[in-house]
1. Looking for whichever is surrounded by fewer than 20 Cβ atoms within 10 Å (Cβ to Cβ) and at negative phi here; the options are LEU311, LEU327. Which one fits?
2. Can you report the number of residues in region 92-115 which are more than 13 Å from the chain's Cα centre (by Cα) and open to solvent by 70 Å² or more (accessible area, probe 1.4 Å)?
3. If you take the residues of region 162-176 that are within 19 Å of the chain's Cα centre (by Cα) and farther than 18 Å from GLU148 by Cα, which of them is surrounded by the fewest Cβ atoms within 10 Å (Cβ to Cβ)?
4. Just to be sure I understand the filter: pairs with C-beta atoms under 7 Å, separated by 6 or more residues or on different chains, first member in region 147-175 and of a type in the set (Asp, Glu), second member part of a loop (DSSP other than H, G, I, E, B). Which pairs pass?
5. What is the one condition in (1) open to solvent by 30 Å² or more (accessible area, probe 1.4 Å); (2) of a type outside the set (A, V, I, L, M); (3) not in a loop (DSSP other than H, G, I, E, B) that GLU118 does not satisfy?
6. Looking at this structure, is VAL223 among the aliphatic types (A, V, I, L, M) and either under 22 Å from GLU113 (Cα atoms) or open to solvent by 10 Å² or more (accessible area, probe 1.4 Å) (or both)?
7. Take region 32-46 and flag every residue that is more than 13 Å from PHE59 (Cα to Cα), among the hydroxyl-bearing types (Ser, Thr, Tyr) and under 39 Å from the mean Cα position of the chain (by Cα).
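The values are calculated or read from the model by the stated rules, or taken from the named source; none is laboratory data. Source: prediction; values computed, not measured. In this analysis, Cβ positions are derived from the backbone assuming ideal geometry, glycine residues included, and neighbour counts consider all displayed protein chains. Areas reflect the complete protein model, heavy atoms only, side chains present, ligands, DNA and RNA absent. Shrake-Rupley method; radii C 1.70, N 1.55, O 1.52, S 1.80 Å.
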Amino acid sequence: MDRTARHSETRYGNRPTMKDVAARAGVGLKTVSRVVNSEPGVTPDTERRVQEAIDALGFRRNDSARVLRKGRTASIGLVLEDLADPFYGPLSRAVEEVARAHGALLINGSSAEDPEREQELVLALCARRVDGLIVIPAGDDHRYLEPEIKAGIATVFVDRPAGHVDVDMVLSDSFGGAREGVAHLIAHGHRRIGFIGDQPRIHTATERLRGYHTAMRDAGITVEDGWVSLGSTEPERVRAAAEEMLSGPEPVTAVFAGNNRVTVTAVRVIAARERPVALVGFDDIELADLLGITVISQDAAAVGRTAAEHLFRRLDGADHPTARVELPTTLIPRGSGELPPA
């Protein structure tokens with residue numbers, strides 16, 4: 001074998017073992033194990049020699065063996081819709097903080113709003129023996145998780161309900177938030193209010209649409225077909241929907257945007273028009289305070305923290321009936337939602 005091959009073999013794949021540490025320190029394997037696992041029964045001088053050997057060799061404890069002994073990996077999985085979505089940043093960070101407080105590692109991934117990819121990712125995390133799962137679902141049938149739940153993997157669904165499985169859920173009040181946002185526009189004189197939302201198969205989209213219809217009905221306003229548009233949140237689709245609502249002899253005078261991505265595109269469309277249009281968006285967006293955008297704000301960090309706390313209570317043995325927690329939203333008036341009809 002040439003020198004390069006020997007260097008590569010030494011550098012990759014040949015991790016030092018406790019046997020190597022024991023040989024270098026001149027002690028037995030049990031002594032090394034006691035030092036590595038912070039167990040009593042080792043003199044200070046011996047512990048120092050073992051630690052010096054560990055540092056010199058770059059030894060790291062093999063947690064896989066501990067998993068086999070204890071049946072816990074001290075890790076949890078978080079399946080998000082889209083890692084790039086600003087809503088999921090504070091949610092993920094809150095989950096990670098709770099996990100860290102419990103001595104657990106967080107592993108996360110994105111389903112990209114694809115039910116098949118969601119299932120593939122969830123089962124891959126289960127195969128790696130995570131102790132628990134927090135899932136923001138893309139699909140609406142989660143019976144594939146039943147064997148994993150029965151096997152003891154604690155599971156909490158977030159933002160959207162689970163389909164056909166009985167697990168804890170932590171949601172925001174999408175219905176109540178949308179109803180409040182639309183009622184706010186009505187209170188400022190608007191009767192022709194457009195709604196642009198996400199795809200109708202998504203629970204939050206249908207709940208926010210339901211809130212819109214309820215607020216309009218409560219005010220005695222009949223919704224015209226051209227005032228509602230559900231579909232992809234891609235800018236091209238949202239732009240087309242907004243421009244259609246804002247055109248013609250009787251355009252809408254206000255828009256309720258069903259999520260943060262819709263709001264961003266709606267802001268751009270409205271900014272390019274001469275006539276002022278009122279806007280309320282569901283979810284806060286970056287620079288909304290500077291741009292004066294009125295929003296219905298979800299506390300993403302509270303959602304993540306609550307979900308993680310429920311998960312670790314389950315992992316600690318809580319056996320109460322499954323919980324459905326619905327956190328309130330907050331209307332933040334900043335100017336765009338308070339404009340009167342033109």
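1. Unique residue meeting the criteria: LEU327.
2. Selection size over region 92-115: 5.
3. This residue is ASP173.
4. ASP159/ILE136; ASP166/THR322; ASP168/THR322; ASP168/ALA323; ASP173/PRO328; ASP173/THR329
5. With (1) open to solvent by 30 Å² or more (accessible area, probe 1.4 Å); (2) of a type outside the set (A, V, I, L, M); (3) not in a loop (DSSP other than H, G, I, E, B) applied to GLU118, the lone miss is (1).
6. yes
7. Hit for region 32-46 is SER38, nothing else.
Quick grid of which residues meet (1) hydrophobic (A, V, I, L, M, F, W, C); (2) surrounded by 15 or more Cβ atoms within 10 Å (Cβ to Cβ); (3) part of a loop (DSSP other than H, G, I, E, B); (4) at pLDDT 85 or above:
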| position | (1), (2), (3), (4) |
| --- | --- |
| GLU9 | no, no, no, no |
| PRO16 | no, yes, yes, no |
| ALA22 | yes, yes, no, yes |
| VAL35 | yes, yes, no, yes |
| SER38 | no, no, yes, no |
| ARG49 | no, yes, no, yes |
| ASP55 | no, no, no, yes |
| SER64 | no, no, no, no |
